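Taken together, the values in this text are just the output of simple stated rules run on the coordinates, not laboratory data. All values reported here derive from a predicted model rather than from experimental measurement. Methodologically, a virtual Cβ is constructed for each residue, glycine included, from the backbone with ideal geometry; neighbour enumeration extends over all protein chains shown.
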Amino acid sequence: MRSRALGGYALRRLVQIVPTLIGIAFVCFFVIQLAPGTAVDARAQMNPKMTLQARERLTQLYGLDRPLPEQFGRWITRVARFDFGRSFVDGETVTRKIAAAAPVTLLVNGLSLLVILVFGVPLGVLGAVRQGTAADRAATGVALVGFALPTFWLALVLMSLFGVTWRFLPVAGLHSLDYESLAPAARLADTARHLVLPVFVSSLTGLAGISRFMRASMLEALAQNFIRTARAKGLSERSVVVRHALRNALLPVVTLLGLSIPGLLGGSVLFESIFSLPGMGRLFYLSVYARDYPVIMGLLFLGAALTLLGNLLADLAYAWVDPRIRLK
Amino acid sequence: MTRNKGAGPTLSLIWLGLVAAAAVAAPLLWTESAARMDFAAVLAPPSAAHPLGTDPLGRDLLARLACGARVSVGVGVVAVGLSLLIGTFVGGAAGYFGGWRDRALMGLTDVMLCFPTLFLILAVIAVLGPGIWNVVLVIGATSWMGTARLVRAEVLSLREREFILAARAVGAGPIRILRTHLLPNALGPVLVSAVLGVATAVLLESGLSFLGLGVQPPTPSWGNLLTDGKATLGVAWWLTLFPGLVILLTALAANCIAEDLR
Amino acid sequence: MTRPILEIRDLKVSFGSVEAVRGVSFAVERGSFTSLVGESGSGKSVTALGISGLLPVSARKEGSVLFRGRDGSEVETLALSGETLRIFRGSKVGTIFQDPGSSLNPVMRAGEQVREACVAHRSLTGAESSRRARELLGSVGIGETERVYRSYPHELSGGQRQRVMIAMALASDPELLVADEPTTALDSSTEALIVKLLDDLRRERSLSVLFITHDLGLALGRSGQVFILRAGRVEERLVRAEAFAARGAYARALLAARLAGRPPKTFLGVSDASS
């Protein structure tokens, strides 16, 4: 019964998303308008890499010489069809380039989310249950460092340690050179070894965030009246913490996971470049260097759309697990 | 509220003080040292002559880091200032006027929040080109949403209070009311947000410069000093360690202060 | 004449520098309906926690709270800890609280919470425990047992929630039920029903009930004895027949307020000789 109501709720939320998607497309459109030779002409001086040829292709692709409303109309209809044009670099359709790069990014970020969940939640619970002890203070300290850490620096340090000094984890690429010749099980192991460092570095900030949040959420749950009732029933402390406090404290964590998606995507630009992983982040970086605007716009739109989708999924998941939320 | 404060905030203030001093003084005193290429001591590890080592061109790392402070922190502070301006304007207008203006402005805020920050920044940099002022502009233009929401919330809660109604009765216009009554009350959380914002901006700038898309050499910034670190990875550990450490300590100090302000 | 099921001697509880209970002494006769009446801030809830073994670890306690079981065993409640304390809670003393809305876990179904209470001190199979839980829900006057069993707390009325709480408290067959202001958050018609339910259960199950409230009239309506608590001490003991001849000015003032229809939750400006 609840799942049917959830379906209706999901549909309604999907419809609500459409204006935001249009807004996203508008912002992307606005960014293109900043390109030299169009709305802001003075910029042309500041960007020596913008060749005449590139400017012509831009104009041709986005119809930059047409009136603005018409431009936006053309842009929106093409976005709705997922048509972002062809790459300036190799002529490949943008959609295909992104599709080739997406799995790697999704894999790394997916694993990061898993790591964040699996390690962040217990850390936070520990901090709450052992509030004030040395363990709690240590965990809080580590989390604070995690927030301030330039993670790309940590990536470099780890690369140096594992790639040069200790040498037991690979530091570049997704597969070893002899990947093709390996058996399926060995291939899996090989990919896994290549993913250890990127996933570790990518998940750190999110881990810090979740553990702090979980700790606060647990402390709040433990202060509620129903905890007193649970103890009055004669339940063991462990039962009280896990069956009562934790269950309540975990609810908002779902939403938080959804909110870490933009952070993970942004981070992937840095990590994939450092670890040479052929994902969307590295594609973005290379495209920026090459001023490959169609690809940049495609990735920009997609990144925002994925964030939006992540938020939606988080909302739905929360509505599903919290029985108090009415789905009418 | 008194609490055992611990060493954190004090140490943070000391570190930030050092950084500020470097930002102000270093470019005046040490430009020459930062730029001087000592070909006898290329890629030298830390020593008495060069406490933090030298880079591939023999330039002293400590001097470069000190001069980089002005750039990195300066970018952070100015960018946050810009984001505060935009955010306060958007949030204040949305909260005060309400209605379609509120919905439109908040809609814009929600849309902006959908973009992974680095994606948006890089896209704009791709269009405008790298460089210190573009970086400031872009970071400022993509970080205002938090402030907008905060300010709007404060304005909404204060809007119907008596002293506002009194001011309106006297004939004060919206801008004046915003400026003299509403905004000073919103200052607290905005300040915390601003300090945290500086930490984030420093991290963003260093990430951008590290990628080669932020502050361009030869202007030193902590981020592009790390690019040297990457190039010499495994050979010159100090070129990677110290710039990163400086960024970390600065962001940590700012977070600590913000936490304490709360 | 059997000995009292509960004997409290000079109980003192403080949190940090705040003395919540400053020397409370009274006794609860076995099988009786006894009330503890006081305004907010009088220390009655803290006393209830002390009796139930639910005081936080940070509380400083002195004095004696002696619980006498039916089997003749005597337990100093304040000295319990760890596993013995866990066993005591629920199987010897059951507790219900003021706000059933916040005292029930919002993300667990009502029936599940009752079932959980059933197996806290007894091992039963899944089928046995859910059957027992349903029985309990029926015995506290819940008509639509099945619907309530499957509902979440927010889907139930205030009266139903409190009945679920009572069912949970009785699940492990305690000998004493401590009811800390169970009707304060309910409307007056439901209030009367819940108080009657408690009294009925008392007689059916040979339960002793300690009823804590700020409403003196409500207490007098049911109780054999009423102890009046003020500023952390027991000020007076009333037996029903004598109630209208109450001597202390404070008790008279409380009574007057109740008769005049004013809920005496907080009582400012009462002057009496013992100020």
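List of remarks:
- Estimated vicinal HN-Hα couplings, Hz - the stretch B:88-93 in sequence order (Karplus 6.51, -1.76, 1.60; Gly, Pro = x): 5, 4, 5, x, x, 5
- Cα→Cβ-extended label distance, 7 Å offset, between B:Glu259 and B:Ala172, nm: 3.8 nm
- Kirkwood Rh in Å, taken over the stretch A:128-178 so that all alpha-carbon pairs contribute: 13.5 Å
- In terms of other Cβ atoms within 10 Å, A:Val164, C:Val75 run from fewest to most in the order A:Val164, C:Val75.
- Cβ-based exposure ranking for C:Val178, C:Val57, B:Val71, in which fewest neighbours within 10 Å come first: C:Val57, B:Val71, C:Val178
- Springs between Cα atoms under 10 Å define the GNM used for chain C, and in it the highest mean-square fluctuation of C:Asp71, C:Asp180, C:Asp99 occurs at C:Asp71.
- Dividing the convex hull volume of the alpha-carbon atoms in chain A by its residue count gives 202 Å³ per residue.
- Cα-based Rg of the stretch B:62-261 normalised by 2.2 N^0.38 Å, two decimals: 1.20
- Other-chain or far-sequence residues with amide H under 5 Å of A:Arg86's (modelled H): A:Val94
- Computed over chain A with a Gaussian network model linking Cα atoms closer than 10 Å, the most mobile of A:Arg247, A:Arg228, A:Arg291 is A:Arg228.
- Expressed to the nearest 5 percent, the antiparallel share of DSSP beta bridges inside the protein assembly as shown is 60 percent.
- Inter-site label distance for A:Val89 and A:Glu56 at 7 Å from Cα along Cβ, in nm: 2.3 nm
- Modelled spin labels at B:Leu13 and C:Ser58, positioned 7 Å past Cα toward Cβ, are 2.8 nm from each other.
- q = 0.05, 0.06, 0.11 Å⁻¹: log10 I(q)/I(0) that the Debye formula gives for the protein assembly as shown, counting C-alpha atoms only: -0.41, -0.57, -1.26
- Calculated FRET efficiency for the pair A:Thr191/B:Ala41, C-beta based, R₀ 35 Å, to 0.05: 0.20
- Kirkwood hydrodynamic radius (C-alpha pairs) into Stokes-Einstein, the stretch C:72-113, 25 °C and 0.890 mPa s, D in µm²/s: 194 µm²/s
- Applying 1/(1 + (r/R0)^6) with r as the Cβ-Cβ distance of C:Arg203 and C:Ala79 and R0 = 30 angstrom yields a FRET efficiency of 0.40.
- Count, lysine Cα pairs under 19 Å in chain C, 8 or more residues apart or across chains: 4
- Taking chain A as a Gaussian network of alpha-carbon nodes connected by springs under 10 Å, the highest mean-square fluctuation of the residues A:Leu188, A:Leu156, A:Leu302 belongs to A:Leu188.
- One way to sum up the overall shape of chain C is the equivalent ellipsoid from its Cα gyration tensor, whose semi-axes run 31, 22, 17 Å, largest first.
- Cβ crowding within 10 Å ranks C:Ser91, B:Ser157, A:Ser202 as B:Ser157, C:Ser91, A:Ser202, fewest other Cβ atoms first.
- Backbone HN-Hα couplings from phi across the stretch B:208-220 [Karplus 6.51/-1.76/1.60, Hz, Gly and Pro as x]: 5, 5, 4, 6, x, 10, x, 6, 8, x, x, 4, x
- Computed from backbone phi, the HN-Hα couplings of the stretch B:192-203 come to 4, 4, 5, 4, 4, x, 5, 4, 4, 5, 4, 5 Hz, rounded to whole numbers (Karplus: 6.51 cos²θ - 1.76 cosθ + 1.60, θ = phi - 60°; Gly and Pro given as x).
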